[in-house]
Every structure is written in C-alpha cells, then in structure tokens.
1. So, in the stretch 373-401, exactly how many residues are touching a residue at least 40 places away in the same chain (Cβ under 8 Å) and under 17 Å from Ala207 (Cα atoms)?
2. Could you run through the stretch 255-283 and say how many residues are in a helix (DSSP H, G or I) and either open to solvent by less than 10 Å² (accessible area, probe 1.4 Å) or at pLDDT 95 or above (or both)?
3. In the set Ala87, Ala96, Ala118, which member is surrounded by fewer than 23 Cβ atoms within 10 Å (Cβ to Cβ) and within 15 Å of Met283 (Cβ to Cβ)?
4. Can you give me the number of residues within the stretch 202-216 that are within 16 Å of Arg244 (Cβ to Cβ) and either among the polar types (S, T, N, Q) or open to solvent by 10 Å² or more (accessible area, probe 1.4 Å) (or both)?
5. Using the structure shown, decide if Val106 is farther than 24 Å from Ala394 by Cα and not in a loop (DSSP other than H, G, I, E, B).
6. Could we say that Arg244 is in contact (Cβ under 8 Å) with a residue 24 or more places away in the chain, open to solvent by less than 10 Å² (accessible area, probe 1.4 Å), basic (Lys, Arg) and in a loop (DSSP other than H, G, I, E, B) here?
7. Sort out which residues of the stretch 202-222 are assigned to a strand (DSSP E or B) and of a type outside the set (Gly, Ala, Ser), and write them in order of number.
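The values are calculated or read from the model by the stated rules, or taken from the named source; none is laboratory data. Just so you know, these numbers come straight off a predicted model, no measurement behind them. Counting neighbours? That spans all protein chains shown, and the Cβs are built from the backbone with ideal geometry, glycine included. We work out accessible area using only protein heavy atoms, side chains counted, and drop any ligands, DNA or RNA first. Shrake-Rupley method; radii C 1.70, N 1.55, O 1.52, S 1.80 Å.
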Amino acid sequence: MGRSEDLFARARRVIPGGVNSPVRAFRAVGMTPRFIETARGSHMTDADGRAYVDFVGSWGPMVLGHAHPAVYEAVCRAAAEGLSFGAATEREVEMAELVCSLVPSVEMVRMVSSGTEAVMSALRAARGFTRRDKIVKFDGCYHGHSDGLLVQAGSGVMTAGVPDSAGVPAGWTRDTLCARYNDLESVRALFAAYPEAIAAVIVEPVAANMGVVPPEPGFLEGLRALCDEYGSLLIFDEVITGFRLGLSGAQGYCGIRPDLTTFGKIIGGGMPVGAYGGRRDVMELVAPLGPVYQAGTLSGNPVAMAAGLCQLGLLRDDPDFYGRLEAVSGAFFTELERRLRAAGKPWRVNHVGSLGSVFFTGEQVRDYASARTADTAVYGSYARWMFAHGIYVAPSQFEAMFLSSAHTPADLEQALDALSAWLREIA
C-alpha cells in the first residue's frame, strides 16, 4: 500500500469520507485521493514521491504558480511579525485600497475568510438594501455551501448527484429561485412572477462549477438590464474569475458592471481568504456602519493579506501578464480539441482565458442540462490515465482546468501527449 492509500485509510477513521472537502475524495474518478506534500511552480509531488504537472492550481488562485518566490518571501516576513492579531492592520487597508483601485465597480470592500462567507454576506447586504427576500441563482452555478444556496448547485454537489443537501430546512430555500444559465427568458419569467420580491440575481459571470461554461452574447447584459428595470441588485460571484481573467475580473473581461462582487482565495495568494464589495450605498449598510450584521474574528488575516498584496501587486505591475497567459491558454485548449477531433471524437472543449474544460459529450455545453450530458465514466477513464502519466487534473468532470504563468511549453506538451496516448489506448 502506498502512502496516499495509507493516509486515506487513516483519514477515513477520523474525517468524514477521509477528506475535508468532498471533491478531494476522488470518488467520481474511481481513485484514492492523492495526498500532496510539496508544490513549486507548475508541479506538485504527492506522499509517494510521484510528481505531477498541476492543472488545478488549488482550484484557481495559483495564477503565478505554486510558492512564487516573491509571494513566499512576503508570507515569511509577515509570519515573523505574528500569525494573527484579531485586530486591525495596515495591510487590510492596503488590500481594500488595491481591490477598489483595480475593480471599478467596487467602491468599498469587506474582507472575510472564504468564498462561501463572501457570498453569504453579499446576499445579506443585498436583502438589507432592497428590503426584499428572494434571490435568483442559476442551475449548476455553485456559490458555496450556505443553506439558502444549496439548490441545483454545481461543483462537488453536482458530481455527487445530489442537487440539495440534507440538514437544510425547506423554509431556508423557499426564497431561492432557480433560472437556467444563458437563458434570459427564464430570468424574465421569474421577475414577471415576483416583480417586487427579488433582492438580487447572483451569477458566475463565467460559470466554472459545472465545468467551464461561457456567457453567451447578451446574457450578462440582459441580467444587468432586468435588475435595473425591477430595482434588484446584480451580484457577480468572482470567487474563481476575479483577478484570473484580468485585473478587473470577468466584469472587466465582459464589460458589465455589477452592484456587488465576491472574491476568493486569489486575493490571498491561495491562502484562506475572501471578500465582498461594491456600491458604496450598499456597503455602507454593513455593520458597524449600518444595520446589516456581518463579522469575522480572523477576517483580514495579516499573513493572508501580505500574500495577496504581493500577488496582486505582481499582476498589476505586469501589463502584459494576462495577454500572455490567455494566448498560451488559448493555444493549449485549441490544440487539445484538435487532437480530440483528429481521433474522431465529438467531445467538446470550452475555455475562457486561462480556464477550460473537456466535456465528454457531443453536445454544445451552454448550461446545466447540457453539461450533465457529459459521460462521467469516460471522464473517469481519462482522469485515471492522466494521473498515471503525471498530469494532475480535477477529479471531476464538472470542474475547471487552470493554467498559470508557471506552466512551460514542456508541461503543456506533456499533457497533450498524455491525452493523445489515452486516445490511442481507447481507440
């Protein structure tokens, strides 16, 4: 038995399912989880000494690669001063100023400790501002595991085939309305049915928790117009896309200005952190300034703020960074799809910027229903082969691949060659 198998056996005795987040269980691909010991640049090494080219990147935040030297040094310097204070620090102010300067829609921002907490808090602020209760979300979009949002969710919930969750009282989801992604008419119908009850529409501007599904032309623009028409707020969940598609996130990439935005681990250089922010008149309702209560003892952790300030500063100071990363990523995903076609396979590759997904279906994937036509058994075969050949991919059909500036041409060619070898194996 290898060390990963041994660690998993130990973990199952003391951790539910042996993992601290469901997607790590590797059940969807019929494998034992890989227990990682080290990561540098584009590579990770597991407890058995196996090295992988990593295409998960801690689920997105490692846009510069793992343990970037400057970020690592910033963390070490901050840790030497103290790990946590539970008190205000200058770095919190600097981070808030930086985020507000980079994202035009964000006039004020509050730090939290996770993406789930950011979304939960943004929705509370929207309800407090509009004095309405109902929220519109989209089938297959995942916004964290707070009770009111575990309805037709994506990500790990989608992989498990469980659209909702035990332990969530029915009354807690009664104000959550579900629409179809890329289907503006489904949203319009909800507004027609509840014209004065919808506080906000929350959306992943580029869906990345049912696999990567880009917004179709006019979809986000239509959401903006409907929210304006009915006096509701538009919330962009940019926990994945924020500072990955560009310095101003998907909203800058797509040219849409939301009222509120949520951010995730990328603003902490991959450390546990999140944030929500937006219009000043909405954010001024948040305690202690206003009546919308939200708190977090360890929010704005000084070490996480140091990591994030360094990473975002590096991205800001390199005006060609995103252009280079998008060019490399686009060429990679295009070649990946070309090799599928050359092998006579009808499977699809969706990608936006440095995010991409292979869908094992012949259908165009534009929403939750079409994503679910993907053959998860074929994905399992693909994933097991890739892991066996040194390529770390998401252990689920319904997650994204993430490229970073640390990926070399040799890394990308290794992944493409592994794919080609698998296609020959299953021919």
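1. Here the count works out to 8.
2. Just the residues of the stretch 255-283 that are in a helix (DSSP H, G or I), to begin with: 265-268, 280-283.
Within this subset, residues satisfying the condition of being either open to solvent by less than 10 Å² (accessible area, probe 1.4 Å) or at pLDDT 95 or above (or both) are 266-268, 280-283.
So the count comes out to 7.
3. Numbers: Ala87 fails: within 15 Å of Met283 (Cβ to Cβ); Ala118 fails: surrounded by fewer than 23 Cβ atoms within 10 Å (Cβ to Cβ).
Checking each option against the conditions leaves just Ala96.
4. Matching residues across the stretch 202-216 total 3.
5. For Val106, the condition - farther than 24 Å from Ala394 by Cα and not in a loop (DSSP other than H, G, I, E, B) - is not met.
6. Working: in contact (Cβ under 8 Å) with a residue 24 or more places away in the chain: yes; open to solvent by less than 10 Å² (accessible area, probe 1.4 Å): yes; basic (Lys, Arg): yes; in a loop (DSSP other than H, G, I, E, B): yes.
Criteria met by Arg244.
7. Just the residues of the stretch 202-222 that are assigned to a strand (DSSP E or B), to begin with: 202-203, 207, 213.
If the condition is that a residue be assigned to a strand (DSSP E or B) and of a type outside the set (Gly, Ala, Ser), then Ile202, Val203, Val213 are the ones that fit.
One line per residue, one yes/no per condition, for (1) hydrophobic (A, V, I, L, M, F, W, C); (2) at pLDDT 95 or above; (3) open to solvent by 60 Å² or more (accessible area, probe 1.4 Å); (4) in a loop (DSSP other than H, G, I, E, B):
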{"site": "Gly171", "(1), (2), (3), (4)": "no, no, no, no"}
{"site": "Leu177", "(1), (2), (3), (4)": "yes, no, no, no"}
{"site": "Tyr181", "(1), (2), (3), (4)": "no, yes, no, yes"}
{"site": "Glu185", "(1), (2), (3), (4)": "no, yes, yes, no"}
{"site": "Arg188", "(1), (2), (3), (4)": "no, yes, yes, no"}
{"site": "Ala192", "(1), (2), (3), (4)": "yes, yes, yes, no"}
{"site": "Glu196", "(1), (2), (3), (4)": "no, yes, yes, yes"}
{"site": "Ala200", "(1), (2), (3), (4)": "yes, yes, no, no"}
